[in-house]
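Visitor: If you scroll down you'll find the structure; I have some questions about it.
The values are calculated or read from the model by the stated rules, or taken from the named source; none is laboratory data. Note that this is a predicted model, so its numbers are computed, not measured. Please note: Cβ atoms are built from the backbone with ideal geometry, for glycine as well, and neighbour counts cover all protein chains shown.
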């Protein structure tokens, strides 16, 4: 049987620094490029640009081919927002197309799945940069209309998409994000000490890991940390790992104010590479992830896989992801966040139980397990 072409828009991995969507796409491609069913039925082709190819190819994916568009990344990302968008399969040929970052293209004779990771831009527009919010709100309905199916990363997001974008639930596929246990597992102290030295970090800290932006609720986390007893703060600094996003200047001002009052808060200026993340998690006393809203929330799963207890918000997808393996807080209640951080370091029995439950919970979220239904759909489409 002749193989079909499986085109994957790999632009989120065609840059030097990748976002959460990029991490999700990396897991997806890793599964597709190693799955026997896919490789027996498809030629996996990654769409990139000439300038983005060097970044994409550096990931070392096997069993894939590259399709390099002769345009810059920014132009390739902008085309789906134009008033007139050419059908992509006229340019590249008939096949199955996967669009992992909201943006899709019209197609004439091909099947497509587009990922809508969350709809925070509709539900919580005040936490989204105005330019991105306007672009997403303007285009999301036609991107959905151009797609044969919609994929998202949690049952929570699926329900929100069904309600707000009027997509039939049978046409929405849940592809959970995951972690690779080979990459994310507890790291020995002698090894993580080298990573801490590299970034100038202390030990035994409360950790936040993610973008520095309002939706992640970091300013409130800083104020909650300030309310902890002095002894806890002396023994457990607060470390914020992540790049500055929209309105991050205001958050950094909050951090400076707390530091000037005597709090020890550290934000490494150097970009923390993916390979160092397991050490960053393992050296912490716990992860604090009080986000206002998440479509999935990959940091808690990574932390749990590294044997680290987590504090998360009781909103959106986080209860679905963390289950009974975390402390829950109202993200708008600083006192609750403070109390959970205090309990995390003082209640040894609860801490031990969370670590054990977390490691078991994380095992359910592998890229392979999350992609099972997707693989079955692609298997059926290979016969079409």
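Visitor: Please count how many residues of the stretch 88-101 are under 20 Å from residue 71 (Cα atoms) and either modelled with pLDDT under 95 or not in a strand (DSSP E or B) (or both).
Guide: Here the count works out to 8.
Visitor: Checking the structure you have, find out if any residue of the stretch 155-167 is closer than 25 Å to residue 318 by Cα, part of a loop (DSSP other than H, G, I, E, B), outside the structural domain of residue 217 (by TED's automatic domain parsing) and free of Cβ contacts under 8 Å to residues at least 24 places away in the same chain.
Guide: yes
Residue-by-condition table, conditions (1) assigned to a strand (DSSP E or B); (2) surrounded by 15 or more Cβ atoms within 10 Å (Cβ to Cβ); (3) under 26 Å from the mean Cα position of the chain (by Cα); (4) at pLDDT 95 or above:
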| position | (1), (2), (3), (4) |
| --- | --- |
| 187 | no, yes, yes, yes |
| 192 | no, yes, yes, yes |
| 201 | no, yes, yes, yes |
| 208 | yes, yes, yes, yes |
| 219 | no, yes, yes, yes |
| 225 | no, yes, yes, yes |
| 231 | no, no, no, yes |
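Visitor: Now for a different question. Quick one: which residue in 73, 40, 5, 101 is in contact (Cβ under 8 Å) with a residue 60 or more places away in the chain and out of contact with any strand residue (DSSP E or B) (no Cβ under 6 Å at 6 or more places or on another chain)?
Guide: Criteria check complete, one pass: 101.
Visitor: Another question, if that's okay. In this structure, does residue 144 turn out to be in contact with a strand residue (DSSP E or B) (Cβ under 7 Å, 6 or more places away or on another chain) and at pLDDT below 95?
Guide: no
Visitor: Can you name the residue in the stretch 358-373 that is in contact with a helix residue (DSSP H, G or I) (Cβ under 7 Å, 6 or more places away or on another chain) and in a helix (DSSP H, G or I) and is also nearest to residue 286 (Cα to Cα) among such residues?
Guide: Out of the qualifying residues, it is 358.
Visitor: Something else about it: Give 238, 287, 247, 277 a once-over and let me know the one that is under 28 Å from residue 316 (Cβ atoms), under 25 Å from the mean Cα position of the chain (by Cα) and at pLDDT below 95.
Guide: Being under 28 Å from residue 316 (Cβ atoms), under 25 Å from the mean Cα position of the chain (by Cα) and at pLDDT below 95 holds for just one of 238, 287, 247, 277, which is 247.
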